[in-house]
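*Asks:* After the structure tokens below, expect a handful of questions from me.
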Amino acid sequence: MSLTTLETNGSVAILTMTNDENRHNPAFVAELKAQLGAVLGNENHKALIITSSDEKSWSLGIDTDWLMPAMQQQQYAQIQAFMYDMDEVFKTLLLFPIPVIAAINGHAFGNGAILSCACDFRFMRSDRGFFCFPEVDLSIPFLPGMIAFVKKAMPYYRFNEMKLTGRRVGASELANDHVIEQACDDDEDLQAKALAFAQGFDKKRAIFGEHKKRLHKEIIAIIDEENKPLIDNLQLMV
């Protein structure tokens, strides 16, 4: 079963996550990597929107139904490979040579919220869905690279508060903090505004990619250097 779909609307690629809560596991991350490659393979694409087909969730993060049994069964190589693949997705988005817009049409929790922060811009519907980092209640610490690029997406004081409390935050509050570009009335309004924003881009890939490469140089270094020992030693839970 396909976990995502990819379509093109004019100059905009629209990647839709289609697996209900869109939890992250090896199959999901492998398909996401392939779809991002397909987006770049079409030179007519000037922007990318990532959204969800689910009525309630954009992405609820790590698939604990996969992770917990894998830990119990000591499938450590598979878990490490997944974490490295997830980092590759984050780095790909951070360096993507066209703008990436998250159209958050439902809950974005944990690694789902983190995924949206790797995107360049975020829009979110205000009538449904919360943004939340529940890791503090799940005994799961952020990897250093995650901390680095989430800080580029939201003010430090808000990230500090959300990370340490696990509080759920809605679109209106995120808009006030400029975490999202706009809080939208409903899903129809969200998709229309995200698409209109994406269609406004017609940048050359070379300069857009170079801007992001220089802008996020330190973040990429943290992902490559500081995440590695924690993943290799499976220091993923406390």
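The values are calculated or read from the model by the stated rules, or taken from the named source; none is laboratory data. Predicted model only: the values in this text are computed from it and were never measured. Glycine also receives a Cβ, built like all others from the backbone with ideal geometry; neighbour counts cover every protein chain displayed. Accessible surface is based on the protein model in full, side chains and every heavy atom, while ligands, DNA and RNA are left aside. Shrake-Rupley method; radii C 1.70, N 1.55, O 1.52, S 1.80 Å.
*Asks:* For K217, go through the aspartates and glutamates and keep the ones whose alpha-carbon is under 20 Å away, minus same-chain ones fewer than eight residues off.
*Replies:* In chain and number order, the partners are D85, D87, E88, D120, E225, E226.
*Asks:* Tell me the net charge near E226. Cut-off is 12 Å between Cβ atoms, E226 excluded, with +1 for each Lys or Arg and -1 for each Asp or Glu.
*Replies:* Net charge in that neighbourhood comes out at -4.
*Asks:* Compute the FRET efficiency between E188 and N160 as 1/(1 + (r/R0)^6), taking r as their Cβ-Cβ distance and R0 = 41 Å, and round to the nearest 0.05.
*Replies:* For E188 and N160, the calculated efficiency is 0.75.
*Asks:* If you don't mind, there's one more thing I want to ask. May I ask you to give the solvent-accessible area per residue for the chain, in square angstrom, as obtained with a 1.4 angstrom probe?
*Replies:* The answer is 46 Å² per residue.
*Asks:* Using Cα pairs closer than 8 Å and at least 6 residues apart in sequence, work out the relative contact order for the stretch 4-200, in percent.
*Replies:* Dividing the mean separation by the residue count of the stretch 4-200 yields 21 percent.
*Asks:* What's the local net charge at R167, with K and R +1, D and E -1, over the other residues with C-beta under 14 Å away?
*Replies:* -2
*Asks:* Suppose every Lys and Arg Cβ carries +1 and every Asp and Glu Cβ carries -1, with no other charges. What dipole size does the chain come out with about its Cα centre, to the nearest 20 debye?
*Replies:* With only Lys, Arg, Asp and Glu charged at Cβ, the dipole is about 760 debye.
*Asks:* Based on DSSP, what percent of beta bridges with both residues in the chain are antiparallel, to the nearest 5?
*Replies:* Counting only bridges with both partners in the chain, antiparallel ones make up about 25 percent.
*Asks:* Carbon-plus-sulfur fraction of the accessible area of the chain, 1.4 Å probe, in percent?
*Replies:* Carbon-and-sulfur percentage of accessible area, whole number: 51.
*Asks:* Next up: Give me the orientation-averaged projected area of the Cα convex hull of the stretch 195-238, in nm², one decimal.
*Replies:* 5.4 nm²
*Asks:* While we're here: Is there a quick way to get the dipole size of the stretch 118-177? I mean about its Cα centre, with the Cβ of Lys and Arg at +1 and of Asp and Glu at -1; what is the value in debye to the nearest 20?
*Replies:* 80 debye
*Asks:* Can you tell which of A103, L67, V150 lies farthest toward the positive end of the dipole of the stretch 63-194, using +1 and -1 charges on the Cβ of basic and acidic side chains (Lys, Arg; Asp, Glu)?
*Replies:* The one lying farthest along the dipole's positive direction is V150.
*Asks:* Given a 10 angstrom Cα cut-off, can you work out which residue in I207, I223, I147 is the most mobile in a GNM of the chain?
*Replies:* I207
*Asks:* Please name which of G200, M162, T51 has its Cα lying farthest along the dipole of the stretch 4-200 towards the positive end, using unit charges on Cβ (Lys, Arg +1; Asp, Glu -1) and the Cα centre as origin.
*Replies:* The one lying farthest along the dipole's positive direction is M162.
*Asks:* Something else now. Under the √(5λ) rule applied to the eigenvalues of the Cα gyration tensor, what semi-axes describe the equivalent ellipsoid of the stretch 38-94? Give them in Å, descending.
*Replies:* 29, 17, 8
*Asks:* Which of the GluC sites (Glu not before Pro) across the stretch 30-113 are loop residues per DSSP, with 11 or fewer other Cβ within 10 Å?
*Replies:* E43, E55
*Asks:* Under 1.5 on a/c is rounded, so check that first for the stretch 170-216, then, if it is not, pick prolate when a/b is larger than b/c and oblate when it is not; a ≥ b ≥ c are the square roots of the alpha carbon gyration tensor eigenvalues.
*Replies:* Since a/c reaches 1.5 but b/c is at least a/b, the shape of the stretch 170-216 is classed as oblate.
*Asks:* Still on this structure, please answer the following. Just reorder R205, R128 by solvent-accessible area, largest first, 1.4 Å probe, all chains present.
*Replies:* If we order R205, R128 from most to least accessible, we get R128, R205.
*Asks:* Separation between the E55 and D232 pseudo-spin-labels, each 7 Å from Cα along Cα→Cβ, expressed in nm?
*Replies:* 4.8 nm
*Asks:* Rounded, prolate or oblate: which fits the stretch 1-103, taking a ≥ b ≥ c as square roots of the Cα gyration tensor eigenvalues, rounded meaning a/c under 1.5, else prolate when a/b beats b/c?
*Replies:* In terms of gyration-tensor shape, prolate.
*Asks:* I've got another one for you. In degrees between 0 and 90, to the nearest 10, how far off the longest principal axis of the chain does helix 156-165 point, with axes built from Cα atoms?
*Replies:* Between helix and principal axis, roughly 50 degrees.
*Asks:* Report, to the nearest 10°, how far helix 205-215 tilts away from the longest principal axis of the Cα atoms in the chain, using its own Cα long axis and a range of 0 to 90°.
*Replies:* Helix 205-215 and the main axis of the chain meet at about 40 degrees.
*Asks:* First select every other residue whose beta carbon is under 10 angstrom from the beta carbon of L60; then total the charges, Lys and Arg +1, Asp and Glu -1.
*Replies:* Cβ neighbours under 10 Å give a net charge of -2.
*Asks:* May I pose another question? Roughly how tilted is helix 217-232, in degrees to the nearest 10 and between 0 and 90, from the longest Cα axis of the chain?
*Replies:* For 217-232 against the chain, the angle is about 30 degrees.
*Asks:* For the chain, what does -39500 (n - 2.57) per DSSP helix run (n ≥ 4), summed and divided by total residues, give at 222 nm, in deg cm²/dmol to the nearest 500?
*Replies:* After summing the helix terms and dividing by residue count, I get -15500 deg cm²/dmol.
*Asks:* Using a 1.4 Å probe and counting only protein heavy atoms, arrange L215, L6 so the residue with the most accessible area comes first.
*Replies:* Listed by decreasing accessible area, they come as L215, L6.
*Asks:* Sequence neighbours fewer than 8 away in the same chain don't count; with that in mind, list the lysines whose C-alpha is under 28 Å from K213.
*Replies:* K33, K46, K91, K151, K152, K163, K193, K203, K204, K228
*Asks:* Just to confirm my numbers, what's the Cα centroid distance between the stretch 66-115 and the stretch 194-238 in Å?
*Replies:* Cα centres, the stretch 66-115 to the stretch 194-238: 13 Å.
*Asks:* Go through M124, G112, F90 and say which Cα lies farthest out towards the positive end of the charge dipole of the stretch 4-200; charges sit on Cβ, +1 for Lys and Arg, -1 for Asp and Glu.
*Replies:* F90
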